[in-house]
2 protein chains.
Amino acid sequence: MPPRTDSRRRMLDAAAELFRAQGYHATGLNQLVAQGGAPKGSMYFHFPGGKEQLAAEAMREAAGRVLEQLRAAAQGAPDAATAIALVIDALADELVATGFRSGCPLASVALDASAQSEPIAAACGEGYRSWRDAIAALLHRHGVAEEPAAALATVTLAAIEGGLLLARTDRDVRPLRQVRDHLVSVINSGSAESKERP
Amino acid sequence: MPPRTDSRRRMLDAAAELFRAQGYHATGLNQLVAQGGAPKGSMYFHFPGGKEQLAAEAMREAAGRVLEQLRAAAQGAPDAATAIALVIDALADELVATGFRSGCPLASVALDASAQSEPIAAACGEGYRSWRDAIAALLHRHGVAEEPAAALATVTLAAIEGGLLLARTDRDVRPLRQVRDHLVSVINSGSAESKERP
C-alpha cells in the first residue's frame, strides 16, 4: 500500500489537471477521487476543507510551477524577450499536447469560482501577482526602468492570458504565436529605449 | 400575463448575466429559472435543447452586443486607438458597476464548457472571431496594412481579454487601464508607420 502522502499528492495532481481543463464547478468529487486513485474518504482526511481547500492548494501549487518555469527561462535566456518567448512556446506546446484542454492553470478556476470563494480568489490572485512580479523583475534586470517594467509586465501577462484563451477556443496556437511576436518586439524596443537614456 | 416571447427574452438575459459572472457549470437550472422569472417548464418549451441551447444562444447574443459596441465606437471615434480605448473604458465601467462580476461575456463559458459542448464552443469561437475581424477592419480603415492589422487585432483582443481577467481577479481596473495605454500607443505608432510607407 502506498504511503498516505502519495494519495494526497495524487489528489492534488488530479485536481490541478481537472480544474485547469474545465474549471471548479464542472469538476465533481467523484471525478477527483477517480482520477486521483484515492478512496473517497481520504479526500476529507487530507483536505478537511473539502473541494474548496483542494482547489486553493492546487491553484497555489500550479502557480508555483509556472513561477519556476519563468525563473528557469529568465536564468537560461540571454535577454528578457527570449525568456518570455520560451515560456510562451512551452505553454503553446502544452496546449497542443493536451488536445487544447490545458490553458492557463489558474484562469478557468479564477473565472468560475473566485467570486464565491475567498480562499480560491486569494490563491489565484497571489499566483497572478507572483508571475507579474517575476516578469517585472526580469524586465528591470534587462534594462527597463522600474515603473515601465511593472506596467509592461501586466501587459505581457494579460496578452499571454488572452492568447491562451483565444488559442484554446480556436484550437489553434496561432493567437499565442502572434502574442509572442508582438511581446518580443515590444520588450526588445523597451529595453533598447531604456538603455539609450543616460 | 406577459406574452411568451417575454419569458424567452428574460431567460436569455438571465442566462447571459449568470454565465458571464460564474460560467456554465456553476449556473443551475433553478437559478436560471428564478432569475429569469419564468416557470421551469417554459425552459424546455423555449429551449428544447435545454441549458446547452440556452447557453449557446446567450453567448451568440452577448457576442453580438459587444460587436455593436465595437462598431459604434469605430463610427464615433476619430481614429482606431480612440475607438479601442472607448470600448476598454466601457468594459472597465461595467466591471466596476457589477462589483467585478461581469468580465468578458464569453470567457467564463469558453473556459468551462467549450471542451464538452460543440454548440457552445462554436458560439464562443464565432464571437471571438467576429470581434477580431471588426478590430482588424477598424485598424485597416485607419491605415494599417491588411496582414499586420489581422495580427494586431488578435494581440489587441488577447490583451483586452487578459486585462479583464486580471482586473477581475485583482478587483481593480488598473490592469485594464495599463492594457489600454499600451494598445493606444501601439496602435497609434502602427497607423503612423503604415502611413509613412509609400
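The values are calculated or read from the model by the stated rules, or taken from the named source; none is laboratory data. If you're wondering where the values come from, they're calculated on a predicted model, not measured in any experiment. No Cβ is skipped: glycine too gets one built from the backbone with ideal geometry, and neighbour counts run over all protein chains shown.
Exactly one residue out of B:ARG71, B:ARG65, B:ARG129 is surrounded by fewer than 16 Cβ atoms within 10 Å (Cβ to Cβ), part of a helix (DSSP H, G or I) and facing chain A (nearest Cβ under 10 Å): that is B:ARG129. Does the stretch A:108-129 include one or more residues that are over 16 Å from the mean Cα position of the chain (by Cα) and under 20 Å from B:ARG129 (Cα atoms)? For the stretch A:108-129, residues over 16 Å from the mean Cα position of the chain (by Cα) and under 20 Å from B:ARG129 (Cα atoms): absent. Of the residues making up the stretch A:132-150, those that are surrounded by fewer than 16 Cβ atoms within 10 Å (Cβ to Cβ) and under 19 Å from B:VAL179 (Cβ atoms) number 3. Does at least one position in the stretch B:88-108 carry a residue that is away from chain A (no Cβ under 11 Å) and within 20 Å of A:CYS104 (Cα to Cα)? Yes, because at least one residue in the stretch B:88-108 is away from chain A (no Cβ under 11 Å) and within 20 Å of A:CYS104 (Cα to Cα). In the set (1) within 14 Å of chain A (Cβ to nearest Cβ); (2) at pLDDT 95 or above, the condition left unmet by B:THR82 is number (1).
For first residues located in the stretch A:165-178 and more than 7 Å from chain B (Cβ to nearest Cβ) and closer than 21 Å to A:VAL109 by Cα, partners that are assigned to a helix (DSSP H, G or I) and not aliphatic (A, V, I, L, M) and lie 6+ apart or on another chain with Cβ distances below 6 Å form the pairs A:ALA167/A:PRO175; A:LEU176/A:GLY163. The residues of the stretch B:13-25 that are free of Cβ contacts under 8 Å to residues at least 24 places away in the same chain and of a type outside the set (D, E, K, R), listed by number, are B:ALA14, B:LEU18. Looking across the stretch B:109-126, the residues that are more than 7 Å from every other protein chain (Cβ to nearest Cβ) and crowded, with 23+ Cβ neighbours inside 10 Å come down to B:VAL109, B:ALA113, B:ILE120, B:ALA123.
Scanning the stretch A:5-55 for residues that are within 14 Å of another protein chain (Cβ to nearest Cβ), buried (at least 16 other Cβ atoms within 10 Å of the Cβ) and small (Gly, Ala, Ser) yields A:ALA21, A:GLY23, A:ALA26, A:ALA55.
The residues of the stretch A:179-192 that are over 26 Å from B:ASP172 (Cα atoms) and at the interface with chain B (Cβ under 8 Å from one of its Cβ atoms) amount to a single one, A:ASP181. Scanning the stretch A:74-85 for residues that are over 26 Å from A:ALA21 (Cα atoms) and crowded, with 20+ Cβ neighbours inside 10 Å gives A:ALA74, A:ALA80, A:ALA81.
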